[in-house]
1. Using a 7 Å offset from the Cα along the Cα-to-Cβ direction at both Leu148 and Asn108, what is the distance between the two label points in nm, to one decimal?
2. For Val3, which sequence-distant residues (separation of 5 or more, or a different chain) have an amide H within less than 5 Å of its own amide H, given hydrogens modelled in the peptide plane?
3. For the modelled label position 7 Å from the Cα of Lys242 along Cα-to-Cβ, which residues of segment 208-235 have backbone nitrogen atoms closer than 11 Å?
4. Taking amide H positions as placed in the peptide plane 1.01 Å from N, state which residues far from Gly60 in sequence (5 or more) or on other chains have amide H under 5 Å from it.
5. What net charge is computed for the residues neighbouring Ala18, neighbours being all others with C-beta under 15 Å from the C-beta of Ala18, Lys and Arg scored +1, Asp and Glu -1?
6. Output the pairs from Lys127/Lys202; Lys96/Lys240; Lys96/Lys127 with a Cα-Cα distance over 31 Å in this structure; if there are none, say none.
7. So what is the calculated 222 nm ellipticity per residue for the chain, using -39500 (n - 2.57) for each DSSP H run with n of 4 or more, over all residues, to the nearest 500 deg cm²/dmol?
8. For segment 16-31, in order, what is each residue's ³J(HN,Hα) by Karplus, 6.51 cos²θ - 1.76 cosθ + 1.60 with θ = phi - 60°, in whole Hz (x at glycine and Pro)?
Amino acid sequence: MRVVIVPDQQEMGRRAAAMIAEQMRAHAHFVLGLATGSSPLPLYRELIRMNQANELDFSGVITFNLDEYVGLPPTHEQSYRRFMDENLFNHIGIAKGFTHVPNGVAKNVNEECAAYERMIKDVGGIKCQVLGIGRNSHIGFNEPGSSLASRTRVVSLTRATIQDNSRFFARIEDVPTQAISMGIGTILDAERIIMLTYGENKADAVARSLEGPITTSVPASVLQLHPDVTWIIVEDAAGKLKLEWGR
Ligand code: F6R
């Protein structure tokens, strides 16, 4: 694993964008896995800047997002589709048909999950997957206990995750209790993984995932098994790391 500790969120975004841009330019067609939440926002701002400065072209790019709430239509203010449109897709000239977010209101959600997996496979797999980490170390919505072999499926959110995500909803009762999420197995299939994290509230999860044993109780610890993972960590989230990590 590569671990890069940076002073601030802007630098985290710049480093991640530079890595993605380099990989993207080396491929005529590129499949990019994306996350929602606050962690990737500095990256998305930098990708938008690069695109608008004619430094990066998204016309050959296909995207797949990690997850979506079950029960929220794409137009819902808190749906992940809407988040992605507003924070990235609307600003980089990408055809919407090339962007994929699971459909949380599909008639048959299990069929939606299977179709999502098939689509990823049909385009040759994800070249680079962007991740954030939850306080309980979840990746995607793979909560502690998720199997290493898990694929895209419907998952129930833990109380901790519902609590964390309630900041975006008027009332905690409005937070959906289920989501469609790529599985740990789906994520590990990506050729390269970039984990972005900042904030003191993530320091425990970061330390347990990077320096603790590999266990499904700490979902991000399974990234230790992947041959090409880069963690880009802002200093405030690195405070509990004990090893040197090249500093
Ligand atoms: C989002 C996702 C989640 C978030 C995680 C961190 O698509 O899959 O795993 O990455 O909950 O969220 P933030 O970045 O908001 O702290």
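1. 3.2
2. Residues meeting the criterion, in which the H sits 1.01 Å from N, are Trp231.
3. 208, 211-213
4. Counting only residues 5 or more places away or on other chains, the set is empty.
5. Local net charge: +3.
6. Lys96/Lys240
7. My calculation for the chain gives -8500 deg cm²/dmol from helical runs alone.
8. So the J values, rounded to whole Hz, are 5, 5, 5, 5, 5, 4, 4, 5, 5, 5, 7, 10, 5, 10, 9, 10.
Values quoted throughout were computed directly from the atomic coordinates according to the rules given, and no laboratory measurement underlies them. No experiment lies behind these values; they were computed from the predicted model shown. No Cβ is skipped: glycine too gets one built from the backbone with ideal geometry, and neighbour counts run over all protein chains shown.
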